[in-house]
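Take a look at the structure set out below.
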């Protein structure tokens, strides 16, 4: 989705990626909190995407080697590479704040802004500058 934002392909959002932050969680945290979830083996919008809510099957659904790659492009050997790279982990309804382990921002200015906003509401979340997470 961030790639679409970066390339101005989201008609309902035109403010670019710089003002977006990442809220970081972990599968184990979601499971520990007893939240309902489902995950897919590829972009969940695909009619042929497979879904599961059995956490023991996660490693069979997600191609972790592909997830560690920098490039998302399809290849002749893997014509579905992009959609598999878009595998999703979806939490039902909402994610409580205590499920988040940290926040990532594109630059120091955005990190400071996020830090001030979170401080104003009493949060002590760790906020780090992560430009490599952006395009």
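Residues 81, 57, 29, 36: which one is touching a helix residue (DSSP H, G or I) at 6+ places or on another chain (Cβ under 6 Å) and modelled with pLDDT of 95 or more?
29
Just a yes or no: is a residue in the range 85-96 within 22 Å of residue 129 (Cα to Cα) and in contact (Cβ under 8 Å) with a residue 60 or more places away in the chain?
Checking the range 85-96: not a single residue is within 22 Å of residue 129 (Cα to Cα) and in contact (Cβ under 8 Å) with a residue 60 or more places away in the chain.
Checking the condition in contact with a helix residue (DSSP H, G or I) (Cβ under 6 Å, 6 or more places away or on another chain) and under 19 Å from residue 133 (Cα atoms), which residue from 101, 66 passes?
66
The values are calculated or read from the model by the stated rules, or taken from the named source; none is laboratory data. Owing to the predicted nature of the structure, the values given are computational and were not obtained by experimental measurement. FYI the Cβ positions are ideal-geometry reconstructions off the backbone, even for glycines, and counts take in every protein chain you see.
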